[in-house]
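Asks: One structure, pasted below without further comment.
Each value in this text was obtained by applying a stated rule to the coordinates, not by laboratory testing. Quantities reported herein were computed from a predicted structural model and do not represent experimental measurements. Note that we place each Cβ from the backbone using ideal geometry, even for glycine, and neighbour counts take in every protein chain shown.
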Amino acid sequence: MSDIERTLSIIKPDAVERNLFEKISDILKKNNLKIEKNKKLQISKEEAAEFYKEHQSKPFYERLCNYLSSGPIVVMELSGENAISKYRDIMGATDPKKAENNTIRQLYGISIDKNSVHGSDSKSSAKRELEFFFNN
Ligand code: CDP
Ligand code: MG
């Protein structure tokens with residue numbers, strides 16, 4: 001059954017720094033994911049901590065929040081059929097070394113923390129994360 005969903009994508013600082021927006025958006029378009037909204041911004045460490053609060057007990061939390069707030073990011077609202085799981089597939093595994101061939105993280109990720117992109121992992125997180133960045 002087709003289900004048109006919306007999901008949040010973030011191009012993380014390592015990928016913005018390398019000007020990968022066009023290359024990543026080409027991959028999205030090829031996979032029928034439409035960029036409904038996008039904006040470039042830099043968030044504070046406190047905002048990163050709020051965004052990633054599900055990970056607050058993890059050993060990598062502090063490093064993750066420092067990293068996401070370390071430079072400009074591009075946030076995008078994507079839409080398409082099964083967009084949430086489709087975009088997770090296109091991103092690839094969290095650790096670029098384990099990511100499938102031709103996924104964004106396999107192509108561009110540097111390391112498990114500098115893994116170039118974020119994507120919502122469920123309908124409820126997509127809703128929360130889109131509200132977080134786009135107030136919608
Ligand atoms: O981003 P994804 O949903 O694939 O992974 P996550 O488990 O929700 O972790 C969020 C982010 O934390 C990852 O994308 C990594 O950037 C970072 N992380 C890390 O630095 N070290 C780990 N061992 C696991 C995750
Ligand atoms: Mg996650």
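Asks: Got a sec? Which of Lys58, Lys127 is more than 18 Å from Ala15 (Cβ to Cβ) and in a loop (DSSP other than H, G, I, E, B)?
Replies: Lys58
Asks: Can you tell me how many residues in segment 54-64 are exposed (fewer than 12 other Cβ atoms within 10 Å of the Cβ) and within 16 Å of the chain's Cα centre (by Cα)?
Replies: Residues that pass the stated criteria total 1.
Asks: Scan segment 18-62 residue by residue and report those that are basic (Lys, Arg) and within 14 Å of Met76 (Cα to Cα).
Replies: Lys29, Lys34, Lys37, Lys39, Lys40
Asks: Restricting to segment 120-136, and then to whatever is among the charged types (D, E, K, R) and in contact (Cβ under 8 Å) with a residue 40 or more places away in the chain, can you tell me which residue is surrounded by the fewest Cβ atoms within 10 Å (Cβ to Cβ)?
Replies: Here the answer is Lys123.
Asks: Can you find, within segment 91-112, the residue that is farthest from ligand 2 (Cβ to nearest atom) among those that are exposed (fewer than 15 other Cβ atoms within 10 Å of the Cβ) and not in a loop (DSSP other than H, G, I, E, B)?
Replies: Lys97
Asks: Quick one: count up the residues across segment 15-49 that are farther than 28 Å from Tyr61 by Cα, over 15 Å from the mean Cα position of the chain (by Cα) and part of a loop (DSSP other than H, G, I, E, B).
Replies: Number of matching residues: 2.
Residues checked against (1) buried (at least 18 other Cβ atoms within 10 Å of the Cβ); (2) within 15 Å of ligand 1 (Cβ to nearest atom); (3) within 29 Å of Asp3 (Cβ to Cβ):
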position	(1), (2), (3)
Lys37	no, no, yes
Asn66	no, yes, no
Glu77	yes, no, yes
Lys114	no, yes, no
His118	yes, yes, yes
